[in-house]
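Report on one structure; see the data block that follows.
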Amino acid sequence: MFTALTRRLSPKLILFGSLTTFLAAAPAPAPGENREMTRTAAVHAAPAVRPSTAPPPGLQLRTAEPATAAPAPPPVRPAEPHAPIFTVRSILALDHPLAPGEYAWSDEGVPEGRLTVVADLTAERLYVYRGGIEIGRSAIVSGWGDKPTPLGIFPILEKDRDHVSNIYGAPMPFMLRLTWDGISIHGSVVSADYATHGCIGIPDEFASELFARARKGDYVLVTRGWKANGTGRA
C-alpha cells in the first residue's frame, strides 16, 4: 500500500526516510499470545439527521455513481516530524460496528503525547492514535465525484475552532487544516446521504475531542484499506 502511496506523493512530503516506514502497523497477535490488544470503548451517536434533497451548507448529496479516483495531493511542506514511525499497540473494542454519525473516544489512562490520525476513505472511518494506542474512532464523510479527498500524508498546518469556509460560507468547527488549498478535518453532519467537497467531516462532538488534543505538526495519513492489526475493525 505504501509503495503505491509513495509514488503519488510530492517529494516534499518525503522527509527523513522512506514513507514506507511512516507507520509500522503491528500484526494481530497469534492465537494464545498473551498480549493486550484491545481497549473497551462506548459508542456515541451524533444527533440524528433526516435525509434531505437540500444538504447542509458545505456538503453535497452522495449519488450511486462511483467516485472519481483521488488525485495526488498538492505539494505540502511538512512540519518538523515528531518521530513519524509507530507501531499500533492497542485498538478500541466496540460493541457494534459504527454507523454514520457514530463515534467512540477513550483516552483515560493513555500517556500524553503527539497524535497520529488515519483516515480510511474506503471504510469511511477515522482512527486516532497516541503512542500507538487507539484512543478514538469515528465514521466520516469525505469527498465525492469530481471533488475527491486527496490521499497522502499531511501534517496539521493550522487549527481554528470557529472556521467558516470562504468558498461555501459553511461553518467548519474544530478545523484542522491539512493543505493550504482548502482540505481539512472538521466537524460536520455525518450521513450516508452526504459527501464533502474534499474535506474529511466528522461528528462535532468527536471533532471537539480531537481538536482539544491535536497539535500543529501531528501527522494525518489519508488512505484506503487501512488494516492495522488485521481485519474486523468496526
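For segment 192-217, taking the residues that are out of contact with any strand residue (DSSP E or B) (no Cβ under 7 Å at 6 or more places or on another chain) and part of a loop (DSSP other than H, G, I, E, B), the one that is most open to solvent (accessible area, probe 1.4 Å) is identified as R215. For segment 149-177, a residue qualifies if it is over 26 Å from S106 (Cβ atoms), of a type in the set (A, V, I, L, M) and outside any loop (DSSP other than H, G, I, E, B), and exactly one does: V164.
Take the residues in segment 124-148 that are outside any strand (DSSP E or B) and either under 11 Å from the mean Cα position of the chain (by Cα) or among the acidic types (D, E) (or both), then tell me which one is nearest to W180 (Cα to Cα). Checked segment 124-148; the qualifying residue nearest to W180 (Cα to Cα) is S142. Tell me, which residue of segment 110-123 that is closer than 19 Å to T223 by Cβ and open to solvent by less than 30 Å² (accessible area, probe 1.4 Å) is farthest from the chain's Cα centre (by Cα)? Here the residue is L115.
The values are calculated or read from the model by the stated rules, or taken from the named source; none is laboratory data. As the structure is a prediction and not an experimental result, all values here were calculated from the model. Virtual Cβ from ideal backbone geometry, glycine too; neighbours counted across all protein chains shown. Just so you know, the surface numbers come from the protein's heavy atoms only, side chains and all, with ligands and any DNA or RNA stripped out. Shrake-Rupley method; radii C 1.70, N 1.55, O 1.52, S 1.80 Å.
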